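One structure is given here, and the rest of the page talks about it.
No value in this document is a laboratory result; all are computed from the given coordinates. Everything numeric here is computed off the predicted structure, so don't read it as measured data. Ideal geometry is used to build each Cβ from the backbone, glycine not excepted, and the neighbour counts take in all protein chains shown.
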Amino acid sequence: MMVDEMGHGKYRVRGGCGWRRMCLLGLLVLLIGCGSDAATDGGPRMDGAMPPTDAAQTDGAMPDSAVPDAAVSDAATEVDSGPPPPPGGTGTACERNSDCPSDVCLPVGSGNVCTTRCASDAACVAGWTCGAIGGVTGDVCQCSSSSERSDGADNDCDSYVDESGTGTCTVVGTVEFASGSSFDGVIADGADITFTQGAAGPDQSLTLGGGVTASGSFTSTATGYFIGVSGSGGSLTFTEHRPGDRDAMRSIALSGATLTGSGTAPRFMGSQLGIQRVVGNGSTIEFYDTLDSLFATVTLTCD
């Protein structure tokens, strides 16, 4: 103990350095605790490194939310396969029974096509009938081949009904008028183009195939007759000659085909010849004058 000038005694405090250590240690503990909270909250860490975040992973990959699942739209996967395959191979060409799923190769027209067995017409393609044929046990679907028409049936025996847009549009038939006569009107209705000649003879028709249809009708005047024809777009137009008067144009409309071609019958010995015969020849319509000379051809091209 020390005595001061006033005679009071004092105690010297020893160990002051130990208190400082305790203070420094407490401050360090406090700092460590705060640093741990900062690291877990996304703040700076004591080691100076940035904490990982959702936007940048340690392996360099993008987070799942940034990469949408791959999706292919229905439109991208759809494939236009055209008409459905014929049932049991019906309508496909064959040479022998073993070529067909049904083991029945049917003679049709000038060739053979596969067919299927049946219990009634309802089991066959529209236009085919169910019946027996020689050498086959049980009934099979049968077909009588002709040019395809827009009539809800398979006319050409390929199993497809009223197919169009395939390059198969056709016109078949022959219209021939009585000697010295020519047609006096046209009635176009669906697959038929009917030419009339009044009292001189019966009506006669051409038949359209491949889904082509016709519409419209007209008649000539009392003294008029038809001398020319023109195909343009979807119209088939006839020129009506009126002696002593101006010629007139009369038309019918065709859908499913584009028409091209034209012609006018010639004059002979001072007289104007008329249309005497009309022939449907595949994709063309041929026009002949009263001397049976071809003067015009109209061609059909499927739309």
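Relative contact order for segment 87-142: 27 percent, from Cα pairs under 8 Å spaced at least 6 residues apart, divided by residue count.
Can you classify segment 170-302 as rounded, prolate or oblate using the Cα gyration tensor, where a ≥ b ≥ c are the square roots of its eigenvalues, rounded means a/c under 1.5, and otherwise it's prolate if a/b beats b/c and oblate if not? In terms of gyration-tensor shape, prolate. Here r is the Cβ-Cβ distance between Ser120 and Ser235 and R0 is 35 Å; the resulting FRET efficiency, rounded to 0.05, is 0.20. If the label point is 7 Å along Cα→Cβ of Ala200, which residues in segment 274-300 have backbone nitrogen under 15 Å from it? Correct set: 274-278, 288-293. Please compute the net charge surrounding Cys130, taking Lys and Arg as +1 and Asp and Glu as -1 over other residues with Cβ under 12 Å from its Cβ. Surrounding charge for Cys130 is -1.
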